[in-house]
C-alpha cells in the first residue's frame, strides 16, 4: 500500500506514520499544492497512491480543492483504479462533511483530535489497513 498524508501539521504526519507504516509506504505533504504535485508524480511513475489522508484547512489550496484536482488527474488516465480518500479535519459542519463525501467521494471523514484506536478500527473496517 502507498499512503499520502496531507496536513500542514507535521505532528499529524508522524502520528499517522506510526499507524500506517507497518502496512505500507508513507509519503507526506504540507500543502494542497505539494500534495497534488506528489500525486501527479506518483501517477506518472506508475506507482499511484492507494490512500490519501487529507486535511481540509491547508495553506493555499484547501483539501477539497486538492482532492478534486487528484480525482481529475486520476480520471484523465481513463480506467485507472480509484484511490481511497480519508478526510482528517477539525471541521464537523454539514457543508464540509457533505462536500467531502459527495464531491470528493471520501471513504471516511475522521475528526481531530485523532484517537489511535478509533482511527485504526475505522481504517480496518474500510480495508485501508
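Values quoted throughout were computed directly from the atomic coordinates according to the rules given, and no laboratory measurement underlies them. All of these numbers come straight from a predicted model, not from anything done at the bench. Please note: Cβ atoms are built from the backbone with ideal geometry, for glycine as well, and neighbour counts cover all protein chains shown.
Note on residue 18/residue 94: beta-carbon distance plugged into 1/(1 + (r/R0)^6) with R0 of 30 Å gives a FRET efficiency of 0.45. Cβ crowding within 10 Å ranks 114, 16 as 114, 16, fewest other Cβ atoms first. Extent of the chain along its three principal axes (Cα atoms, max minus min coordinate, largest first): 36, 34, 26 Å. Extension gain for residue 110 to residue 2 (0.36 nm times residue separation, less C-alpha to C-alpha distance): 37.0 nm. Modelled this way, with points 7 Å down the Cα-to-C-beta line, the labels at residue 101 and residue 75 are 2.1 nm from one another. With R₀ fixed at 35 Å, the C-beta to C-beta distance from residue 10 to residue 121 puts the FRET efficiency at about 0.90. Calculated mean residue ellipticity at 222 nm for the chain: -12000 deg cm²/dmol, from DSSP H runs with n ≥ 4 weighted as -39500 (n - 2.57), summed, divided by the residue count and rounded to 500.
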